[in-house]
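The values are calculated or read from the model by the stated rules, or taken from the named source; none is laboratory data. Small disclaimer: the values here were computed from a predicted structure and weren't measured. Positions of Cβ are backbone-derived with ideal geometry, glycine not excepted, and every protein chain shown enters the neighbour counts.
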Amino acid sequence: MSPRTNTAAAAGTWRLGDLTVNRIGFGAMRLTGSAPFDRGVPRNRDRPIGVLRRAVELGVNHIDTAAFYFSATRSANELINRALAPYPEDLVISSKVWPGRDPSGAWSWAEPTQLRGQVEENLRQLGRDHLDVVNLRVPPSRRTSPIGEHFGVLAELRDAGLIRHLGVSNVTAEQLTEARAIAPVVCVQNPYGIGAPSEDQALLRLCGELGLAFVPFFAIAGAGREAGPTAHDSEAVCAVARAHGVSIAQVRLAWTLQQGPHVLAIPGTGDPDHLAQNMAAGALRLSEEEMARLTTLRPAVSGVDR
């Protein structure tokens, strides 16, 4: 693959444990419909398969997914399996557990004894004998509660060979410390983007000090979160986009990546044009003045968090 094609490498690389990934990856949440968890009219199945294959051609070697990413007729894991198996040797697939959905789509949160079943569900759907990275996704209601019982189960599954590396998601600094006392952690996957509150910025810096990957989600969507980007954005963001002749999404991604060499990006899309733009954002460099102007924007208003 030539450097011209491998645009995901433009932002550099980082290591998830012993696995090296390009800092721009791909999030699978939006593959299954026009909106996450959409139960309406499904998009053509060949389109997301084509997007996944094109992402790999563009240098993506880190895909974030979950068994609960499905719509009425589409499963993100199944699409990944269909598009990419047999998997490239350098492809890292990360998933997450604790949230779950039954066949009707109803949500639940797993008890510790149910986590192995969630891991095995991902393995079956992806057609793999182990998962490269599994993130323990903490419920919003448990942000101030211990997570050791759940994380301990994943540590046991890591020792059993079903999981290669562990991460945590939607956590506080205290919960990260608790998890690291049980087993090695390679990444923290939290909501983060322009307008992130000070405590989120502090956690990002802590991960850098610890040598852990910080993997933001909703970096493009901002306050829109699961629903996607809002129709109107801050004039400051729009002005930077106009100055560079790029999209608002590309500015948001570039700002996020410039927060530190340990910061990864997992933008998701089912649109091949948006995919190309997301990959190209890794080569976009914002000036110090632009970075400072965007960093001072007020925190975004949070939406629903699964």
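See the values below:
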read-out	value
Residue list for the range 135-144, filter: out of contact with any helix residue (DSSP H, G or I) (no Cβ under 6 Å at 6 or more places or on another chain) and under 20 Å from PRO184 (Cα atoms)	ASN135, ARG137, VAL138
Index of the failed condition, GLY208 passing every other in (1) at positive phi; (2) at pLDDT 95 or above	(1)
Single condition VAL171 does not satisfy, out of (1) under 16 Å from the mean Cα position of the chain (by Cα); (2) at pLDDT below 95	(2)
Out of ARG128, ARG124, sole residue that is of a type in the set (Lys, Arg), closer than 21 Å to VAL21 by Cβ and modelled with pLDDT of 95 or more	ARG128
Residue under evaluation ASP129, criteria (1) under 15 Å from ARG158 (Cα atoms); (2) more than 18 Å from the chain's Cα centre (by Cα); (3) in a helix (DSSP H, G or I), criterion not met	(3)
Residues that are of a type outside the set (Gly, Ala, Ser) and either at pLDDT below 95 or more than 19 Å from the chain's Cα centre (by Cα) (or both), drawn from the range 176-190	THR177, GLU178, ARG180, ILE182, PRO184
Close pairs (8 angstrom Cβ cut-off, 6 or more residues apart or separate chains): farther than 14 Å from ALA254 by Cα and acidic (Asp, Glu) in the range 271-285, at pLDDT 95 or above and crowded, with 19+ Cβ neighbours inside 10 Å anywhere	ASP271/VAL51
Counted residues, the range 166-181 - those being buried (at least 16 other Cβ atoms within 10 Å of the Cβ) and over 16 Å from ARG142 (Cα atoms)	2
Matching option when the condition is in a helix (DSSP H, G or I), modelled with pLDDT under 95, over 19 Å from LEU136 (Cα atoms) and of a type outside the set (A, V, I, L, M), among ARG54, ARG39, ARG82, ARG30	ARG30
Verdict on GLY17 being modelled with pLDDT under 95 and either basic (Lys, Arg) or at positive phi (or both)	no
Residue match in the range 158-166 (condition: at pLDDT 95 or above, within 17 Å of the chain's Cα centre (by Cα) and either under 27 Å from ASP200 (Cβ atoms) or not in a helix (DSSP H, G or I) (or both))	yes
Any hit, the range 85-104, residues being surrounded by 21 or more Cβ atoms within 10 Å (Cβ to Cβ), modelled with pLDDT of 95 or more and of a type in the set (Lys, Arg)	yes
GLU149 being part of a helix (DSSP H, G or I) and more than 25 Å from PHE218 (Cα to Cα)	yes
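Here's the yes/no breakdown for (1) within 27 Å of ILE49 (Cβ to Cβ); (2) out of contact with any Gly (no Cβ under 9 Å at 6 or more places or on another chain); (3) at pLDDT below 95; (4) assigned to a helix (DSSP H, G or I):
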{"site": "ALA254", "(1), (2), (3), (4)": "no, no, no, yes"}
{"site": "MET291", "(1), (2), (3), (4)": "no, yes, no, yes"}
{"site": "LEU297", "(1), (2), (3), (4)": "no, no, yes, no"}
{"site": "ASP305", "(1), (2), (3), (4)": "no, yes, yes, no"}
